[in-house]
Amino acid sequence: MRGRKDEWAAALALLEGVASTTGNVMLVEGEPGIGKSLLLAEAASAASARGMSVAGGRADELGRLTPLGPLLSALEESPTTPMPLTRSFFPDGPELLLWLAEQVRTSLERRLASGPLLVILDDLQWADPATIMALRTMPSRLASRPVTWLLARRDAPAGGDAGRLFDLLEEEGAARTVLRPLDEGAVAEVSADILGAPPGRELAALAAQAAGNPLLLSELLTGLREEGAVLVEDGVARSAGITSAQAALPARLHDAVRRRLNELGTRTRYLLEAIAVLGRSVTPAYAARMLGETPAALLPPLEEALAAGVLVATSDELTFRHELVWRSVVDRVPSPVRRALREQVERSTAPLRGGDGGRLLDLALLAWNEGDLSRGLGLAREAVERPAGGPHRQPRAVLATMLVDLWLLDEAAAATEIAAEEADTEGEPSWAAEIPVLRARLDLAAGRIGSAIKHAEVALTTAEALEAPMLVSSSLSVLGTASLRSGDLPGAVRYMERGLVRTASGMPPPARLRSELVAARIREARDGAAGGMSSLGEVYDALPLHLGALTGEPAAAAWLVRVAMAVNDRRRADAVVDAAEDVASRNPGLSNPSVSADHARGLREGDAEALGRAVAGYADPWARGSAAEDLGVLLGVGDGHRELAVGSLKTALTCYGAVEAVRDAARVRGRLRRLGERCRHWVRTAHPTSGWASLTGTEQAVCDLVSQGLTNRHAAEQMFISEHTVAFHLRQVYRKLGIHSRVELARLAAQESGHRRPG
């Protein structure tokens with residue numbers, strides 16, 4: 001069995017125990033779809049091959065009305081067999097139970113008379129009380145007979161009667177096996193079996209959303225293959241024929257998810273659909289406020305969803321256990337229903353609009369995530385003027401964050417200062433980290449790289465002391481971006497490896513996507529477009545659900561288009577442009593979404609006019625430089641537009657220089673050199689003649705890359721200079737530091753990094 005080597009070995013050992021006429025019990029449990037039934041079926045086949053008799057049955061929800069139903073079914077006995085009617089029997093009377101138990105005992109004895117017996121019972125989480133009681137006593141009573149028991153149930157937070165049965169049997173010596181999700185190697189093997197070839201990068205990223213659940217993985221990949229969405233080329237299975245991220249999930253998977261949700265009550269299903277629209281993770285209090293309910297009223301359906309394994313509880317949130325299940329639930333909620341949900345939220349909040357800023361802030365965040373930026377911004381402004389109720393103590397900080405996202409720098413700075421003034425009166429410890437994060441983002445947008453790093457380091461130290469993962473991720477996001485722009489790629493990689501994306505898992509969608517974009521940009525800088533794309537699958541798929549996230553980084557939509565086109569993924573490039581244009585159409589009063597859409601569309605279609613509008617329209621200098629660079633590259637293709645291309649690239653160089661984007665400026669100078677233009681870019685600075693302080697900025701960058709193990713050629717690629725230039729700078733470094741090898745350089749660089757590392 002794929003990925004189940006240890007569990008299968010335990011099952012085989014169990015069968016060998018039966019042959020020695022020793023009573024044995026094996027308990028199997030795990031989440032729905034994890035492979036319990038497959039393990040039981042394989043064990044039944046192996047037992048039959050050994051000449052053993054097999055009695056297999058399963059419990060179900062409706063069968064709880066039939067006492068001892070699973071055992072009777074396994075032993076091929078009918079509970080309707082005629083019985084001596086000496087008196088009246090109630091369906092659940094003790095006489096009936098005794099008679100049925102005698103039927104089970106007699107049937108077991110008859111089956112054991114012909115040889116060893118394996119009894120397999122599945123889905124015992126639904127077993128009736130009489131079955132639970134029988135299984136509590138029968139294994140020990142028949143321990144001397146050649147019978148063994150293979151029992152399975154779904155795991156559940158509460159456990160229930162079946163959980164207590166498993167605990168008691170384990171105390172008496174039963175072997176207990178918990179099936180875990182498949183590891184990456186097993187997922188790859190299963191994927192190759194289903195698809196007929198190893199999956200390509202895009203399909204592998206989609207398969208990872210099954211989180212190692214065999215049923216979800218099988219239904220996903222089998223459905224894609226049946227719908228003609230898989231194409232095998234050069235021995236690799238790739239996606240084909242999928243027109244949008246929303247259509248990426250096949251009908252077969254939707255059907256599997258629907259069957260699972262149909263096991264739940266109607267109210268629980270409705271609740272799951274409602275909170276799925278709010279995001280994959282949500283706090284109970286937030287869901288209650290959004291739906292106009294009290295947390296106590298939501299407790300029964302939430303407990304049912306937790307018991308069924310659809311939701312799992314973290315320290316402060318409820319999360320859909322599998323991303324594929326969450327996406328399927330959201331996909332099945334029609335757009336009119338989403339609009340109706342927003343209207344319901346607004347109606348539930350209307351009575352409080354005169355006084356509760358917290359409720360207004362909820363509406364602002366919901367509108368923001370759905371791409372209605374103008375409305376979200378207006379509600380946030382209104383929330384600032386109202387007293388905040390409940391857990392919402394920082395509406396001004398949220399407003400400032402929204403303004404920074406839209407790069408309205410003057411207003412964002414003012415809002416941040418207001419929030420800072422109220423830090424003492426609010427009394428929230430997290431303000432000590434939130435305010436520096438906002439200031440760091442403002443500094444980054446304005447090109448003050450040094451100041452951005454300083455504020456972000458303060459925020460990171462405070463957030464780590466407070467054990468606030470969301471603020472840790474926000475700080476790492478700024479530090480990673482600042483390091484990348486300044487040309488410190490090793491530093492950016494270190495910030496990414498400290499948990500840039502991992503700590504963002506519980507953040508609101510725009511902030512979470514911002515962290516994922518920063519991490520992907522760092523990977524792209526280190527490993528090329530394929531490296532960036534390797535971690536962007538979830539980002540592309542989430543865009544239709546969280547349109548407002550496209551404003552979280554300047555020129556984010558254009559960058560996503562650029563990466564998709566670099567790996568020839570036209571479908572995803574189209575999806576990004578469609579999402580960006582959707583945001584722009586919803587916010588005609590805001591210029592930034594429209595400019596972002598022009599930039600993304602200009603890149604996808606090679607439209608110089610659209611790129612020119614983006615250059616003229618961006619207020620953020622780095623984004624303007626990005627659009628100007630894209631325009632220069634487009635004009636530089638072919639003959640006849642060289643002067644225009646050079647002019648556009650020089651505009652980009654000026655913009656990057658204004659915000660200290662050293663690495664981007666180096667890339668543009670390389671493009672200009674290929675067009676026959678050379679730009680002087682060095683600055684005379686007084687340096688000591690030896691020691692670490694004597695190194696120039698370029699020499700320090702070479703040191704950082706080489707000390708990380710990069711060859712001269714790879715370092716040259718990262719810095720956009722020639723390999724010979726790297727070798728020249730490396731000789732200068734050796735001379736100034738008085739060393740003769742890369743080993744010595746790596747040792748000195750590690751020591752220097754330890755001195756410079758904050759904290």
Problem set entry | Unique residue being touching a helix residue (DSSP H, G or I) at 6+ places or on another chain (Cβ under 7 Å) and either open to solvent by 50 Å² or more (accessible area, probe 1.4 Å) or modelled with pLDDT under 85 (or both) when the list is A340, A313, A305 | A313
Seminar exercise, completed: Exception for L675 within (1) within 30 Å of L635 (Cβ to Cβ); (2) modelled with pLDDT of 80 or more; (3) crowded, with 18+ Cβ neighbours inside 10 Å falls at (3)
For this session: Select from region 125-142 the residues that are β-branched (V, I, T) and buried (at least 16 other Cβ atoms within 10 Å of the Cβ) and write down the one among them that is farthest from R58 (Cα to Cα).
Result: I132
Exercise. Looking at A628, A619, A652, A584, which one is outside any helix (DSSP H, G or I) and either under 23 Å from R448 (Cβ atoms) or small (G, A, S) (or both)?
Worked result: A619
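Quick test for you: out of L142, L124, L150, pick the one residue that is in contact with a Lys or Arg (Cβ under 8 Å, 6 or more places away or on another chain) and among the aliphatic types (A, V, I, L, M).
L124
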For this session: Would you check which residues across region 457-504 are closer than 18 Å to E317 by Cβ and open to solvent by 30 Å² or more (accessible area, probe 1.4 Å) and list them?
Result: L466, E467, P469, M470, V501, R502
For this session: Go through region 432-463 and count every residue that is of a type in the set (V, I, T), under 26 Å from the mean Cα position of the chain (by Cα) and either under 24 Å from D664 (Cα atoms) or modelled with pLDDT under 80 (or both).
Result: 1
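Provide a single number: the residues in region 600-620 that are open to solvent by 20 Å² or more (accessible area, probe 1.4 Å) and either modelled with pLDDT under 90 or at negative phi (or both).
13
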Exercise. Restricted to region 432-456, and to residues that are touching an Asp or Glu at 6+ places or on another chain (Cβ under 8 Å) and open to solvent by less than 20 Å² (accessible area, probe 1.4 Å), which residue is nearest to S475 (Cα to Cα)?
Worked result: A452
For this session: Take region 151-174 and flag every residue that is within 22 Å of L75 (Cα to Cα) and touching a Gly at 6+ places or on another chain (Cβ under 9 Å).
Result: A152, R153, F166
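Could you tell me which residue of region 579-599 is surrounded by the fewest Cβ atoms within 10 Å (Cβ to Cβ), considering only residues that are closer than 29 Å to R669 by Cβ and touching a Lys or Arg at 6+ places or on another chain (Cβ under 9 Å)?
D598
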Exercise. List pairs: first in region 281-309 and farther than 30 Å from Q125 by Cα and without any contact (Cβ under 8 Å) to a residue 12 or more places away in the chain, second among the polar types (S, T, N, Q) and open to solvent by less than 30 Å² (accessible area, probe 1.4 Å), Cβ under 7 Å, 6+ apart or cross-chain?
Worked result: none
Problem set entry | Residue selected from region 143-165 under the condition open to solvent by 30 Å² or more (accessible area, probe 1.4 Å) and outside any helix (DSSP H, G or I), by the criterion nearest to S37 (Cα to Cα) | R154
Exercise. Just wondering, is there one or more residues in region 697-707 that are of a type outside the set (G, A, S), modelled with pLDDT of 75 or more and outside any helix (DSSP H, G or I)?
Worked result: no
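The values are calculated or read from the model by the stated rules, or taken from the named source; none is laboratory data. As the structure is a computational prediction, the values presented were derived from the model and not from experiment. Cβ coordinates were reconstructed from backbone atoms using ideal geometry, including for glycine residues, and neighbour counts include every protein chain displayed. Areas reflect the complete protein model, heavy atoms only, side chains present, ligands, DNA and RNA absent. Shrake-Rupley method; radii C 1.70, N 1.55, O 1.52, S 1.80 Å.
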